[in-house]
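Novice: Pasting a structure here, questions to come.
The values are calculated or read from the model by the stated rules, or taken from the named source; none is laboratory data. From a predicted model like this one, the values you see are computed outputs, not experimental measurements. Positions of Cβ are generated from backbone atoms using ideal geometry, with glycine treated the same way; all protein chains shown enter the neighbour counts. Ligands, DNA and RNA are excluded from the accessible area calculation, which covers all protein heavy atoms including side chains. Shrake-Rupley method; radii C 1.70, N 1.55, O 1.52, S 1.80 Å.
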Number of protein chains: 6
Amino acid sequence: MSEPESDPDASLESQPDLADDAMHRFPVPEFENLPDDLQERIADETDRAGFTPNVFSAMAYKPSHFRAFFAYHDALVEDTALEREEIEMIVVAVSGVNHCYYCNVAHGALVRIYADDPQLADQLVANYRTADINDAHRTMLDVAVKLTERPTEVEESDLAALRDAGFSEEAIWDVAAVTAFYNLSNRLAMFADMRPNDEFHTLGRE
Amino acid sequence: MSEPESDPDASLESQPDLADDAMHRFPVPEFENLPDDLQERIADETDRAGFTPNVFSAMAYKPSHFRAFFAYHDALVEDTALEREEIEMIVVAVSGVNHCYYCNVAHGALVRIYADDPQLADQLVANYRTADINDAHRTMLDVAVKLTERPTEVEESDLAALRDAGFSEEAIWDVAAVTAFYNLSNRLAMFADMRPNDEFHTLGRE
Amino acid sequence: MSEPESDPDASLESQPDLADDAMHRFPVPEFENLPDDLQERIADETDRAGFTPNVFSAMAYKPSHFRAFFAYHDALVEDTALEREEIEMIVVAVSGVNHCYYCNVAHGALVRIYADDPQLADQLVANYRTADINDAHRTMLDVAVKLTERPTEVEESDLAALRDAGFSEEAIWDVAAVTAFYNLSNRLAMFADMRPNDEFHTLGRE
Amino acid sequence: MSEPESDPDASLESQPDLADDAMHRFPVPEFENLPDDLQERIADETDRAGFTPNVFSAMAYKPSHFRAFFAYHDALVEDTALEREEIEMIVVAVSGVNHCYYCNVAHGALVRIYADDPQLADQLVANYRTADINDAHRTMLDVAVKLTERPTEVEESDLAALRDAGFSEEAIWDVAAVTAFYNLSNRLAMFADMRPNDEFHTLGRE
Amino acid sequence: MSEPESDPDASLESQPDLADDAMHRFPVPEFENLPDDLQERIADETDRAGFTPNVFSAMAYKPSHFRAFFAYHDALVEDTALEREEIEMIVVAVSGVNHCYYCNVAHGALVRIYADDPQLADQLVANYRTADINDAHRTMLDVAVKLTERPTEVEESDLAALRDAGFSEEAIWDVAAVTAFYNLSNRLAMFADMRPNDEFHTLGRE
Amino acid sequence: MSEPESDPDASLESQPDLADDAMHRFPVPEFENLPDDLQERIADETDRAGFTPNVFSAMAYKPSHFRAFFAYHDALVEDTALEREEIEMIVVAVSGVNHCYYCNVAHGALVRIYADDPQLADQLVANYRTADINDAHRTMLDVAVKLTERPTEVEESDLAALRDAGFSEEAIWDVAAVTAFYNLSNRLAMFADMRPNDEFHTLGRE
């Protein structure tokens, strides 16, 4: 559909190879058949990570959803009152209670890197209540997990607890937005049976 | 930030008024303070519906999220192998089990309109298993509700059941994508305590 | 069995017609075959409502249960320390968590009428915690929903909370009695797959 | 309020003494202050059992509810397509999953007596799936417990299973009716903290 | 394998007879085929109780597990900061929420005997929250049941509550150890479908 | 209490150092204050692993429980019809649903080593249903997780499924025994807040 035409040789050299087994329940498309903007985004991510994270290969199954998914993701991490480390802590705590293999492992690596803590991801996957985190982050994860598991029970008092813990109004919104997005993301990844790249299992563990 | 400058009088006349009580837990911004693209989208929606659906007023709290949220929504309804009526059925069944007041009522109206059935929304909010729907839609909602409530238990057999019911591979992906998105949407709406416009309670009931 | 013999013409004119589809899983009897006391009660209800609520048609399947069910219902609404509006609020909050289609819709109409509030039923079906109700009613519904979902956890402190909210001892008993009865009623209606009359979907919405 | 006037001496001799601790959360009235019909029913029950079952003392707190409750109970056991033993099996299986102390113990005694089996009640309180019952009763309790715990999931196939197990249409209705009534009864007893008489713990155990 | 050789006649007389139906899902071995140490322990228990508790017959299926199971059990009751009555209260409350027939009945008897209370077991099987126990034991069972049902939610505050109720650090550990062991024991008994001896149903009830 | 007296210098050199933070909620004893048999076991384990696994340091809090716990563990891994790899798969799947941080990580390392698979542990912690395992192991984990989460629902058909998958009667017992023991172990570790050694996070990942 899209064609990366200029300088095909260079392009051939650097072309990411989307893993066939990035997910088990839908076919992964060929990189060269993807629209230009997807190719570009995937190439960038591959450059940055040193490998193509499988969520990009999987979401490429449907380009319109690829665009929407990563645009939302980008908004959450680029326009935020939270630290990136906080975002990844929420993602892993939420994915842990939802039991999402892809997100536990891929965002587990990100938690290890952004929080510079080789054990935190395994703690959050198991039980954020006994993770080595400060009180503000405990409150943050209390709310994120409650919104995930028992959203009817979220009340004004939960927002007040976040306020008391020092979160701004925008940061409180962002806690909810990240939580909500990974309730989407976990379900997509689990439905498609997305598989984390081998690299994610070990990144940031040393 | 953005300024709708040309023909201010006309603009003043037609300017939507964002309801202060579109949500209870975050402030609703003033329409005239919104970036151009949000103003434009809200004006369009207001024209189409005859009123400004409160989700637009609420999401305007954070423009970057407004854009991401509605871009995802638009991708789901515009590039899809599902009928719009099927999308709205999924939304209401998912929102019913998640107990989301805003989505039950606003998408309940859409189900009534798109399915041309004044009772279907109330059926789906209560229990899709006893709704007046065909067998293929029953299978579709079985999977959507399972992915919502017990995502770890979704297996290849669930996709096979959708295939047997006549859904294409892309339609199966779309069932999951709509389900996943409304697991995001329900949680955002419940966290912010979004309130459906009065109009949604009665639209499509006659 | 019973025969309304005097003035057959008049009787023919006014005889309610029990809807064949008042429930899906048991046959609905013919009005003229019902015992006199059931005919009388149904005729009265039909006069009052302008239509025969399907619960009367459905319960007529077994006259001894019809009598017991409505006698209990009548005791709950006629000899009570609660306002009728409060009773219907409990019914809809309980039916919402139990996901009873018939009761959500039929008692939803009653909540709208008795509370004179066109949105309250939809709020209570979704989540009583974000309904527009006063603090005493919030406490009342906290207890009703707890007794419905987690009855082992009801303790003296729940009764104390009702007392503090201004409920008399008899009113506290009545909160429990209404809650308990609709845990019966929801289950009967769901088992028989009772269907609310079309009228209930719109009553009290204007 | 009501006065049992004729032959006061005889009446004084035989008057049941309602146990003060029949329930912990509401006061138990004095027998002599009860309306005639309640006195008569309680006297009859006391004669039959050799003691006054505490549910009569407790329900006497509100005579209109006493009448409705026992009228419903009587309809269920007197006009039924089920054996009394089957009714009590349903009651104990339902009360076991609802964790109702009063009903476990009082109806446990009735199961032992009607089924002439000193262990069956303890089996049903714990787990009907491993109780010593025949296949038809297993199906009966599968449906009763499903209707208790997950009523949204009851479907036509559950009624078909009962039909295949030999239950008539009326018997199927009765299974649901008994189950529904004890979902009421369990909640009333748990809310009021009704206490079974000492006698019930041992009746039928020898 | 092991042979009790001296005075075979006497030995034949006193040899316990392991009930064939001590459990339903695995074969019960013959007493005379058991290793000496198991024979000795079973003979001792039979002497003490007057009958062979079925858990000994059942666990004898695999002698290495028999030894480990009873050694752990013995450590819990012999080296403890808890009263034996407290241990049995924990066992029955835990078994009640886990719905273990064998443990409800066998340890129900032990609760009646050690607490010298003929009703306490039936109370604990149903709902420890309404059992006739003191405040310290209420706290003890709150923690035991939480550790059983929602172990992720156990926090330092639960240990603090036990401390405030007068439990020593060792006693707090013991509360957890007993709870944990019966989460093992309940699952083994339920998996093998162990059946309590008739005697346990009535022991301590008079 | 016990004193390792001969050759104190040698002993001083090789003495394991029990980590103070092996658990957060009880004090970890000093190695030199432990009874001889505990010292010996801990020294052996330390030699084997190259570090002292924290469960040994933690369980040493109460020597009688240390002995019982590891004797049971040893029986499960030494006298078994299962492969060690199968045992560790059960442990991690069970610990994953119970959300036990210690067991996820420590036995996660053992799964990686015994199954010679660097990703299997992360898969099992998240969701055994999408782990890369054969059909027999899928059945094995279906039963282990059911016995963990919903033990009342385990039935003869579950044992039959294991038989059909090729498990012997003894192996079926062992599946249940391992599952049951880690329902104990998870709860002890979670109650005491045991912390896995740093080494376990990375062992077997390369």
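Novice: Within segment C:30-68, find all residues whose amide N lies under 17 Å from a label point positioned 7 Å from the Cα of C:Asp21 along Cα-to-beta-carbon.
Specialist: Correct set: C:52-55, C:57-58.
Novice: Just checking the output field for D:85-97: average partner chain Cβ neighbours within 10 Å of each residue's Cβ?
Specialist: So the per-residue partner count for this stretch is 1.
Novice: Follow-up question, since we're still on this one. Can you give the charge dipole size of chain D about its Cα centre, rounded to the nearest 20 debye, using +1 on the beta carbon of Lys and Arg and -1 on the beta carbon of Asp and Glu? Write down the numbers at each step before the final one.
Specialist: Details: 15 positive and 42 negative charges, 207 e Å.
The dipole magnitude comes to about 1000 debye.
Novice: Something else: Given +1 on the Cβ of Lys and Arg, -1 on the Cβ of Asp and Glu, and no further charges, what dipole in debye does segment A:83-202 carry about its Cα centre, rounded to the nearest 20?
Specialist: It comes to approximately 420 debye.
Novice: Note the buried accessible area between A and B here, summed over both chains, with a 1.4 Å probe, in Å² to the nearest 100.
Specialist: 4100
Novice: List the residues of segment F:55-73 that lose 20 Å² or more of accessible area once all protein chains are present, compared with their chain alone (1.4 Å probe, heavy atoms only, no ligands or nucleic acids).
Specialist: Output list: F:Tyr61, F:Lys62, F:Ser64, F:His65, F:Ala68, F:Tyr72.
Novice: Amide H neighbours of D:Ala131 under 5 Å, counting only residues 5+ apart in sequence or on other chains, H built in-plane at 1.01 Å?
Specialist: The answer is none.
Novice: Name the residues whose placed amide hydrogens come within less than 5 Å of the amide hydrogen of F:Met23, ignoring near sequence neighbours (fewer than 5 apart) on the same chain.
Specialist: F:Arg195
Novice: Oh, and also: Rounded to the nearest whole Å², what accessible area per residue is found for segment C:83-202 with the 1.4 Å probe?
Specialist: 27
Novice: Turning to a different aspect of this structure: Work out from phi, with θ = phi - 60° and the Karplus expression 6.51 cos²θ - 1.76 cosθ + 1.60, the ³J(HN,Hα) of each residue of segment D:109-119, listed in order in whole Hz, and give x for Gly and Pro.
Specialist: For segment D:109-119, the Karplus-derived couplings read 4, 5, 4, 4, 6, 6, 8, 6, 9, x, 9 Hz, x marking Gly and Pro.
Novice: Based on the inverse mean of 1/r over its pairs of different Cα atoms, what is the Kirkwood hydrodynamic radius of segment E:57-206, in Å?
Specialist: For segment E:57-206, inverting the mean 1/r across all distinct Cα pairs yields 15.5 Å.
Novice: Going toward the positive end of the dipole of chain F, with +1 on Lys and Arg Cβ and -1 on Asp and Glu Cβ, which of F:Leu184, F:Ala126, F:Gln15 do you reach last?
Specialist: Final value for the positive-end residue is F:Ala126.
Novice: Could you look at chain B and say what percent of its accessible area is carbon and sulfur, using a 1.4 Å probe and all protein chains?
Specialist: Its accessible area is 44 percent carbon and sulfur atoms.
Novice: May I pose another question? Can you list which of the GluC sites (Glu not before Pro) found in segment A:16-120 are DSSP loop residues with at most 16 other C-beta atoms within 10 Å?
Specialist: On the way: sites: A:Glu30, A:Glu32, A:Glu40, A:Glu45, A:Glu78, A:Glu83, A:Glu85, A:Glu86, A:Glu88; in loops: A:Glu30, A:Glu83.
In loop regions of segment A:16-120 (DSSP not H, G, I, E or B), the sparsely surrounded GluC sites (Glu not before Pro) are A:Glu30, A:Glu83.
Novice: Please turn the phi angles of segment D:93-107 into ³J(HN,Hα) values with the Karplus equation 6.51 cos²θ - 1.76 cosθ + 1.60 (θ = phi - 60°), one per residue in order, whole Hz, x for glycine and proline.
Specialist: 5, 5, 5, x, 6, 7, 6, 9, 4, 4, 6, 3, 7, 5, 7
Novice: Okay, next question. So what J values fall out for segment A:141-153 if you push phi through Karplus, 6.51 cos²θ - 1.76 cosθ + 1.60 with θ = phi - 60°, rounded to Hz, Gly and Pro as x?
Specialist: Using θ = phi - 60°, the values come out as 7, 3, 6, 4, 6, 5, 5, 6, 8, 9, x, 5, 8 Hz.
Novice: Same structure again: What's the percent breakdown of Cα-Cα distances in the protein assembly as shown across 20 Å bins, shortest bin first?
Specialist: The distribution over the protein assembly as shown is 10, 37, 37, 14, 2, 0, given as percents.
Novice: Hey, another quick one. Mind grabbing the accessible area of F:Asp116 for me, 1.4 Å probe, Å², rounded to tens?
Specialist: 130
Novice: For the pair F:Asp74/E:Glu169, report the inter-label distance in nm, with labels modelled 7 Å from Cα in the Cβ direction.
Specialist: About 2.8 nm, to one decimal.
Novice: Next question. With contacts defined as alpha carbon pairs under 8 Å and 6 or more residues apart, what's the relative contact order of chain A in percent?
Specialist: Reported relative contact order: 26 percent.
Novice: A further question on this structure: Accessible area, 1.4 Å probe, largest first: how do D:Asp142, A:Asp17 sort?
Specialist: Result, largest first: A:Asp17, D:Asp142.
Novice: Would you mind checking the tilt of helix C:36-49 against the longest principal axis of the Cα atoms of chain C, expressed as 0 to 90 degrees and rounded to 10?
Specialist: The answer is roughly 60 degrees.
Novice: Please work out the FRET efficiency for the pair E:Glu83 and D:Glu153, using the Cβ-Cβ distance as r and a Förster radius of 56 Å; give the result to the nearest 0.05.
Specialist: Computed FRET efficiency for E:Glu83 and D:Glu153: 0.80.
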